[in-house]
Amino acid sequence: MHAIERYVRPGSLEEAAEILRAGNVTVLAGGTDLMPQTHAGRVKFQSVLMNVRRVPELRGIEEHGGVVRIGALVTITELRESALVRERLNVLWQACDHFASDQIRNAATLGGNVCNASPAGDTLVPLLALEARTVLASKPNGSLETRRIPLDKFFSGPGRTLKKPSELLAAIEVPLPPQGFVGEFYKHGTRPGLDISAISIAVGAQLKGKVLNEVRIAFGAVAPTPIRAPRAEAVLEGREADAATLEAAAQAALGEIHPISDVRASDWYRRELVRNMLKRVISHVGQL
Amino acid sequence: MSANCDIEFTLNGVKRQLSVPAGMSTLEMLRERLGLRGTKYACGEGECGACTILVDGLTLNSCLMFAVDCDGRELQTVEGVAASEVGARLRDAFVANGAVQCGFCTPGLMVQASHVIEHNPGAGAAEIRRGIEGNLCRCTGYKKIIEAIQAAEQKNG
Ligand SMILES: Cc1cc2nc3c(=O)[nH]c(=O)nc-3n(C[C@H](O)[C@H](O)[C@H](O)COP(=O)(O)OP(=O)(O)OC[C@H]3O[C@@H](n4cnc5c(N)ncnc54)[C@H](O)[C@@H]3O)c2cc1C
Ligand code: FES
Ligand code: FES
């Protein structure tokens with residue numbers, strides 16, 4: 001473990017961005033990834049540990065002009081208890097409901113889940129299906145600046161993102177899906193919440209009768225980052241979820257994933273899960 | 001060695017001040033610095049719930065929480081819960097229902113169960129089961145634990 005030389009607790013976004021600009025900072029939110037990772041030596045502390053809990057700009061869930069802004073510090077429990085999330089971003093709500101345990105949900109933040117950038121991160125898959133974007137704050141030339149990166153461009157590898165060390169994740173923005181948009185999240189593991197997902201799937205679509213529109217499919221734990229599956233989406237767009245269409249969508253998806261073998265599942269088993277579970281999840285969505 | 005930081009918080013109703021290394025966990029602070037050994041160390045990585053405590057009224061795994069993050073907050077450990085009315089009911093119900101075998105998981109379960117009962121007083125077996133999902137017990141098979149929590153709940157009403 002590297003020594004932490006200084007511990008700081010900024011009280012505003014400005015102050016936090018200023019500290020980041022000076023460099024060598026480890027950001028602390030809920031600590032549920034950082035503590036085990038530093039303890040096991042997988043991640044080394046920088047010389048400054050910055051606890052962002054007191055930054056008020058990182059809190060809150062609000063809707064303005066058709067966009068839901070979720071502060072980076074919002075916990076999984078807060079998401080799970082939000083009526084707005086439950087009613088309008090239900091596929092994200094489902095992932096929060098399946099997330100770990102009560103104790104972890106009370107500590108774990110959305111920002112931490114996004115910045116940790118695990119290929120299996122459970123909120124990332126529904127957020128991709130909801131076409132979310134990240135809001136990054138920094139202070140490059142003395143004044144606070146923000147830039148936005150769509151989530152499907154944000155992840156660059158396992159644990160890696162396009163966020164610069166001088167940037168803080170301030171919030172996630174989610175455009176409200178169209179009325180009538182329905183979705184389902186599925187996570188495969190043996191201990192329902194606490195397992196790291198062997199695979200996860202989020203499917204969303206707007207139903208007109210039985211016809212699927214605006215189809216969005218995302219996968220976790222089948223590639224170096226969570227991914228969208230545009231070819232499988234295209235197969236389904238404007239169609240009914242009959243057996244032949246489902247099989248064609250599953251085949252398209254198999255061409256879009258790159259699963260590995262690890263302690264949780266072999267690549268073969270992951271492919272079987274994707275093929276079978278994608279069909280099941282889509283047919284559920286088609287009946288919602 | 002990490003830098004030391006001065007922190008101040010409320011622990012089981014009493015104000016405490018101390019200086020802790022920035023990388024220390026709350027679990028280590030409670031057990032090694034404050035001598036409160038009721039909170040158990042088992043997995044040390046958030047999987048088992050033996051180290052569960054209440055922070056500002058919500059349960060957390062103290063093995064995952066940085067001790068410096070306790071500053072300004074209100075902590076309750078199993079020692080505090082045991083002294084409360086709900087704690088007393090839970091303790092009696094755990095004993096009466098045979099919900100304790102080796103006892104290692106018991107303090108964490110008492111804290112988590114008190115949280116479930118306070119937040120959802122009418123919780124049925126299924127809700128209790130979900131509420132204690134983050135607490136592992138290697139001995140009892142959970143059935144008696146869930147029965148004990150239900151019994152403690154009923155004495156509530
Ligand atoms: C037992 C256990 C079970 C778990 N189960 C699940 C699960 O079911 N699903 C799942 O997806 N994850 C799970 N996790 C992983 C973890 O809980 C989540 O990834 C959580 O959301 C991380 O949030 P945090 O606030 O604790 O992050 P931290 O540990 O505080 O931070 C995580 C990383 O993000 C950085 N960071 C945090 N916030 C910001 C910010 N605003 N700006 C810039 N950088 C930031 C930190 O520097 C660090 O590198 C589990 C972990 C444990 C220990
Ligand atoms: S010791 Fe903290 S969860 Fe197991
Ligand atoms: S009684 Fe032994 S672990 Fe639960």
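Things worth noting here:
- Taking a straight Cα-Cα cut-off under 23 Å and skipping sequence neighbours fewer than 8 places away in the same chain, the lysines within cross-link reach of residue B:144 are B:40, B:155.
- In degrees, nearest ten, helix B:143-154 long axis to first principal axis of chain B (Cα): 90 degrees
- Annotation: residue B:59 carries an accessible surface of approximately 0 Å², with a 1.4 Å probe and no ligand, DNA or RNA atoms counted.
- Summed residue charge, Cβ within 15 Å of residue B:32's Cβ, Lys/Arg positive, Asp/Glu negative: +4
- Among A:227, A:217, A:19, the largest mean-square fluctuation in a Gaussian network model of chain A (Cα springs under 10 Å) belongs to A:19.
- Acute angle (nearest 10 degrees) that the helix B:106-119 long axis makes with the longest principal axis of chain B, alpha-carbon atoms: 80 degrees
- Nearest 10 degrees, 0 to 90: helix B:85-96 Cα axis against chain B principal axis: 50 degrees
- Dipole-positive endmost among A:126, A:72, A:157 within chain A (Cβ charges, Cα centre): A:157
- Modelled FRET efficiency - R0 56 Å, residue A:247 with residue B:79, Cβ distances, 0.05 increments: 0.40
- For peptide B:57-70, the mean count of partner chain Cβ atoms within 10 Å of a residue's Cβ comes to 6.
- Share antiparallel - DSSP beta bridges, the protein assembly as shown, percent rounded to 5: 85 percent
The values are calculated or read from the model by the stated rules, or taken from the named source; none is laboratory data. In this text the structure is predicted, and so the values were computed from the model without any measurement. In this analysis, Cβ positions are derived from the backbone assuming ideal geometry, glycine residues included, and neighbour counts consider all displayed protein chains. Side chains are part of the model used for accessible areas, which takes the heavy atoms of the whole protein and leaves out ligands, DNA and RNA. Shrake-Rupley method; radii C 1.70, N 1.55, O 1.52, S 1.80 Å.
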